[in-house]
Amino acid sequence: MISVQRRSGSSLGWNITCYSAAMICAFLTSAALLTFSGGDPVKAFSALLTGAFGSQNALYGSLAKATPLLLVGLGTVIAFRAKIWNIGQEGQVFAGAMAAYWMSLWVAPLPYWLAWLLIAIAGLVGGGVLGLLAGYLKVRFGTSEVISTVMLNYIVIYILAYLLDGGPWMESGLTVAYHQSSPVNPLLEWPILLGQGSGKMHIGFILALAAAAFCAVLLERTSLGYEIRAFGSNPTALRFRGTNIRRLLLVVMLLSGALAGLAGAGELFGTSHRLRAETLLGIGSSGIVVAMVGGLRPSGVMLAALFFGALKSGAIYMRLKSGTPAGLVSAMEGLVLLFFLCAAVATKLQLVRVEEKVHA
Amino acid sequence: MVRPVVVEELLKVRNLTKRFGAVAANDGVSLDVRKGEVHCLFGENGAGKSTLSACLYGYYRADSGEIVFKGKTAELNSPADALRLGIGMVHQHFVLVSNFTVLENIIVGSSDVGVFLNKSEARRKVVALCQECGIDIDLDREIWQLSVGEQQWVEILKALYFGAELLILDEPTAVLTPQQSDQLFRIISGMRSRGLSIILISHKLREVMQSDRVTILRKGKVVATVETAGSTAESITALMVGHKVTKHVRDRSVMPAGEFLSLRNVCAKGDWSEDVLKDVSFDIAKHEVLGLAGVAGNGQKELFEVLMGVRAASSGGFSLDGEAIVAPTSREMLDRGVGFVPDDRFLEGLIPEFGTAENLVLGWQRAPEYRRGPFLDRRKLGLLARKKIEEFRVVTASADLPVERLSGGNAQRVILAREFLHARGLLLANQPTRGLDVAASEFVCEKILEKRAAGFAVLLASEELDDLMRLCDRIAVIFKGRIMGIVRPEETSLLDLGMMMAGDAKEPERTVQ
Ligand SMILES: Nc1ncnc2c1ncn2[C@@H]1O[C@H](COP(=O)(O)OP(=O)(O)OP(=O)(O)O)[C@@H](O)[C@H]1O
Ligand SMILES: [Mg+2]
């Protein structure tokens, strides 16, 4: 008889086994889902792979898709490690993009490096302020951040809709609203580092990698990181031991929102070059998934972001090539998350062979 | 106590071993528990008592060895398995549903209740149980209305309702007032006379001496099992630590001098804005230990919180070293050199997921001495941890093992190490020896006296009146948030203290300065 038991320590081999099993399960269920919805899984998956890694440009495209996911994922890690449930990444991405766009309307006369810097800072500030607002509501009125961040998502998304649909940011020279802004000043677009045509990787990817390193060092090596982790484990003791936990909560929400905001700015100035809701929607929620799959560790989040970036970028090609419905890709994302969460639980368990004996 | 007539082994443990990494928490433990006996497990912090009980009620699985219950080898893979066989455990942190009634909590999860709770049948059974064990409780009150002691009874009733024949109690009195402890022991003897067996873990000798037999553990191994009737507290302690424990007494040649902490008419409100502190005034001088005696829940906790800056005084105030402290924060108090040992160690004193090293600097994580530029100096923390682990004899596999995995007493040592290291001038200690073994308690007493000799002012709250009598220069007694009087130990008897703790005020002229 085999029985399942709690494990008293962790083992690398077992962890790898669990997560590999999770990958395989996610893959098989996705294949089943594809077949069930009338597709050909072999064709679909090969299209997916080609779209993600098939050529140099495809690869760069995957990296570009990974960029905002990584940034949002990192922001999520900062908040979730403190057990502060910021789930307003969607709105924070929007706010970052909107603030950056607003900034771009003013900075064109400046030297281009200064303009870029100001735009990036505006993105950070936009997302950060929105995060801070939710933090303030919690500190001041005790509002649950889960509720306030979701509500703020709606508010920000509708404000953007207003601005683009007959509001001041509507694309100029049109009488019909396309729910988008005019293209940003080409001089202000973020530099493309690699690739051309459909697969371009902008400087935001480097920023995101730097942010990952920053977050890893912040969490594991600095006093602030110590406080963030301690807050997640036992805020009462932290308060008794001289830390102003209200201020800490605000700082965490600010940082978390700022990273999401930078993701929004990068997406706007690096990829889409036009402020438009559709291009930003879903980055926030996928970023949360990336953070969870990455085990709330910056290194893990980096791997997860690359994986989901490839998935997203491959999915576009898959849809074109095999006509797979777009919804299926979200479903696959969800499946990966589900199986990874199961795997995370499984890593804490072990299988033990139990011999049944009868006492003489 | 009447000895059980028939000697019959209910539980036999043979060569049980349980390892955590390199640490053998239980190393070839063998133990017999007879039917109808109170069997005490006694041993140093980290000796493996909690681990042994966790193996017995199915929380951990032993690496090797055999557990025989009622003549059959027991395969325990979960607490549910254990309960099915008749082994129940009363947790120190209760797992009750707080807005269910007592009755509902007792019967929830039992198989004979069915989908629809058959409460009248269940009630009959529970009432009968209560009568047999002498438990007096209103079955229709909700859990949140009960005291900690009463909640413990509910846990006991629940185990009995499920048919437990062996009940394991791990340091059950650590959270109880003396009165509640006495009641608990009455219930224990009630259960014993019903033929139930009880495994009791305790560090308090007077509780240990109420058992039938004692098994002494040291470093995971059984040292001996002795009949309590043929032993003395001293002989049992000697078996546990391997030598005699000398009790330290304060050095009377060192006289308190120079007022350091001084409280004037401090009032404070509790969590439900009830008055918890009423006009508390006292002074503590340098080189002085002021004891705070009182039954738990009479405002001690809140008094410490006010002095630590985490609870605001509603009126009155205090001064430290001649400086009035206005609207303090915990940061300010730490920076002024106040050391604080809270009574709820895991809630208020430790970050459970952090290791010993990180917990040693909790509150000082931004101090320049532990930083290199913006970074925490890991190497320094490691060195510090190694030094303190040795000095305070913390039993842990490594400096980074999360303290939630340490035994209760060892976790307490981590806090003590931190506070004794960082305090300068004032030490606030609320139940610092709670959960510590005899030798470790004495170690703490010795450290407190060292601080006194070094010129510290110490406020020491303890339920161990004997300790207060030998350590303190003066003892303040608190009752319902009011200081009933301040007395000198050499002019007071334990009986007097007990009276004052029960609310019998001293004549004002007996309050000494
Ligand atoms: N989950 C765990 N992981 C690693 N080590 C553990 C774990 N649980 C217990 N230990 C170690 O096993 C040893 C025995 O611990 P245990 O809690 O049984 O001691 P104890 O006798 O109950 O002590 P105390 O009187 O302080 O409560 C300790 O050294 C402890 O650090
Ligand atoms: Mg224990």
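See the values below:
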read-out: Accessible-area composition of the protein assembly as shown, carbon plus sulfur, in percent [1.4 Å probe]; value: 59 percent
read-out: Exposed-site-free run, longest, chain A (rule: GluC sites (Glu not before Pro); DSSP loop; at most 15 other C-beta within 10 Å); value: A:1-354
read-out: Whole-Hz couplings from phi, Karplus 6.51/-1.76/1.60, listed for the stretch A:121-135; x for Gly and Pro; value: 5, 4, x, 4, 5, x, x, x, 5, 5, x, 4, 4, 4, x
read-out: Computed accessible area, B:Lys221, all protein chains, 1.4 angstrom probe, square angstrom; value: 110 Å²
read-out: Point-charge dipole on Cβ atoms (K/R +1, D/E -1) for the protein assembly as shown, about Cα centre, debye to 20; value: 1960 debye
read-out: Cross-link table A:Lys83/B:Lys18; B:Lys12/B:Lys219; B:Lys35/B:Lys158; A:Lys83/B:Lys278; A:Lys200/A:Lys321, entries beyond 31 Å C-alpha to C-alpha; value: A:Lys83/B:Lys18; A:Lys83/B:Lys278
read-out: Surface accessible to a 1.4 Å probe, per residue, for the residues of chain B, Å²; value: 42 Å²
read-out: Rg to Rh quotient for chain B, alpha carbon positions, Kirkwood Rh; value: 0.98
read-out: Shielded residues, the stretch A:218-241 - accessible-area loss of 50 Å² or more between chain alone and all protein chains, probe 1.4 Å; value: A:Arg221, A:Ser223, A:Tyr226, A:Arg229, A:Ser233, A:Asn234, A:Phe240, A:Arg241
read-out: The stretch A:230-360: C-alpha gyration tensor shape, a/c 1.5 cut-off, then a/b vs b/c; value: oblate
read-out: Positive-end residue of B:Val249, B:Thr215, A:Ala108, charge dipole of the protein assembly as shown with Cβ unit charges; value: A:Ala108
read-out: Scattering curve values for the stretch A:80-153, log₁₀ I(q)/I(0), Debye with Cα scatterers, q = 0.18, 0.20, 0.23, 0.25 Å⁻¹; value: -0.69, -0.77, -0.90, -1.00
read-out: Nearest 10 degrees, 0 to 90: helix A:12-36 Cα axis against chain A principal axis; value: 70 degrees
read-out: Sequence-distant residues sharing a close amide H with A:Leu194 (under 5 Å, placed H); value: A:Met201
read-out: Antiparallel bridges, percent of DSSP beta bridges restricted to chain B (to nearest 5); value: 55 percent
read-out: Considering only the stretch B:9-241, percent of DSSP beta bridges that pair antiparallel, nearest 5; value: 55 percent
read-out: FRET efficiency, 1/(1 + (r/R0)^6) with R0 51 Å, evaluated for A:Leu33 and A:Leu114 via beta carbons; value: 0.55
read-out: Principal axis box of the protein assembly as shown, alpha-carbon based, largest edge first, Å; value: 96, 75, 53
read-out: Residue-wise HN-Hα coupling along the stretch A:214-225, computed from phi with Karplus coefficients 6.51, -1.76, 1.60 (Hz; x: Gly, Pro); value: 4, 5, 4, 5, 4, 5, 8, 10, 9, 5, 4, x
read-out: Amide N of the stretch B:327-349 lying under 19 Å from the label point, which is placed 7 angstrom from the Cα of A:Ile245 along Cα→Cβ; value: B:328-335, B:340-349
read-out: Where B:Asp212, B:Asp275 fall by accessible area, highest first, once all protein chains stay in place (1.4 Å); value: B:Asp275, B:Asp212
read-out: DSSP H segments from chain B that extend 15 Å or more along their own axis, Cα-based, with Kyte-Doolittle mean of -1.0 or above; value: B:119-133, B:148-161, B:178-193, B:408-422, B:438-453
read-out: Computed accessible area, B:Asp496, all protein chains, 1.4 angstrom probe, square angstrom; value: 50 Å²
read-out: Overall form of the stretch B:135-203 per C-alpha gyration tensor (a/c, 1.5; a/b vs b/c); value: oblate
read-out: Value at 222 nm in deg cm²/dmol, rounded to 500, when DSSP H runs of n ≥ 4 in the protein assembly as shown each add -39,500 (n - 2.57); value: -15000 deg cm²/dmol
read-out: Shielded residues, the stretch B:351-378 - accessible-area loss of 40 Å² or more between chain alone and all protein chains, probe 1.4 Å; value: B:Ile351, B:Glu353, B:Phe354, B:Leu362, B:Gln365, B:Arg366, B:Phe375, B:Leu376, B:Arg378
read-out: Between 0 and 90°, nearest 10: helix A:283-293 axis offset from chain A longest Cα axis; value: 20 degrees
read-out: For B:Ile198, residues with placed amide H under 5 Å, excluding near neighbours; value: B:Glu37, B:Val38, B:His39, B:Leu167
read-out: Karplus-derived HN-Hα couplings along the stretch A:184-189 (A = 6.51, B = -1.76, C = 1.60, θ = phi - 60°), whole Hz, x at Gly and Pro; value: 6, 3, x, 5, 9, 4
read-out: Solvent-accessible ranking of A:Trp102, A:Trp169, A:Trp190, largest area first, probe 1.4 Å; value: A:Trp102, A:Trp169, A:Trp190
read-out: Cα-projected label distance for B:Asp182 with A:Phe141, points at 7 Å along beta-carbon direction, nm; value: 5.3 nm
read-out: Amide H contacts of B:Asp27 (H built 1.01 Å from N, under 5 Å, at least 5 apart or other chain); value: B:Lys18, B:Lys221
read-out: Computed E for B:Phe20/B:Ser120 - FRET, C-beta separation, R0 51 angstrom, nearest 0.05; value: 0.60
read-out: Cα→Cβ-extended label distance, 7 Å offset, between A:Thr17 and B:Arg470, nm; value: 5.4 nm
read-out: The stretch A:122-254 - Kirkwood radius from inverse mean 1/r over Cα pairs (Å); value: 18.4 Å
read-out: Cα-derived Rg over Rh, computed across the stretch B:345-422 with Rh taken as Kirkwood radius; value: 0.94
read-out: Equivalent ellipsoid semi-axes - Cα gyration tensor, the stretch B:9-241, angstrom; value: 30, 20, 16
read-out: Förster radius 60 Å - calculated FRET efficiency between A:Ile24 and A:Tyr162, Cβ distance, rounded to 0.05; value: 0.80
read-out: Relative compactness, the stretch B:233-348, computed as alpha-carbon Rg over 2.2 N^0.38 Å; value: 1.32
read-out: Distribution of pairwise C-alpha distances over the stretch A:59-332, 5 Å bins, in %; value: 1, 6, 13, 17, 18, 17, 13, 8, 4, 2, 1, 0, 0
read-out: Solvent-accessible ranking of B:Lys451, B:Lys269, largest area first, probe 1.4 Å; value: B:Lys269, B:Lys451
read-out: Heavy-atom accessible surface that A and B bury in contact, both chains counted, 1.4 Å, Å² to 100; value: 3200 Å²
read-out: Antiparallel bridge percentage (DSSP; both residues within the protein assembly as shown; nearest 5); value: 60 percent
read-out: Area of A:Tyr317 that stays accessible when all protein chains are in place (1.4 Å probe, Å², to 10); value: 80 Å²
read-out: Normalised contact order of chain B, rounded percent, pairs of Cα under 8 Å and 6 or more residues apart; value: 15 percent
read-out: Cα gyration tensor category, rounded, prolate or oblate, for the stretch B:165-321 with a/c compared to 1.5; value: oblate
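The values are calculated or read from the model by the stated rules, or taken from the named source; none is laboratory data. What you are looking at is a predicted structure, and each value in this text was computed from that prediction instead of being measured. Note that each Cβ is placed from the backbone with ideal geometry, even for glycine, and that neighbours are counted across all protein chains shown. The protein model used for the area step is the full one, side chains on, heavy atoms only, and it has no ligands, DNA or RNA in it. Shrake-Rupley method; radii C 1.70, N 1.55, O 1.52, S 1.80 Å.
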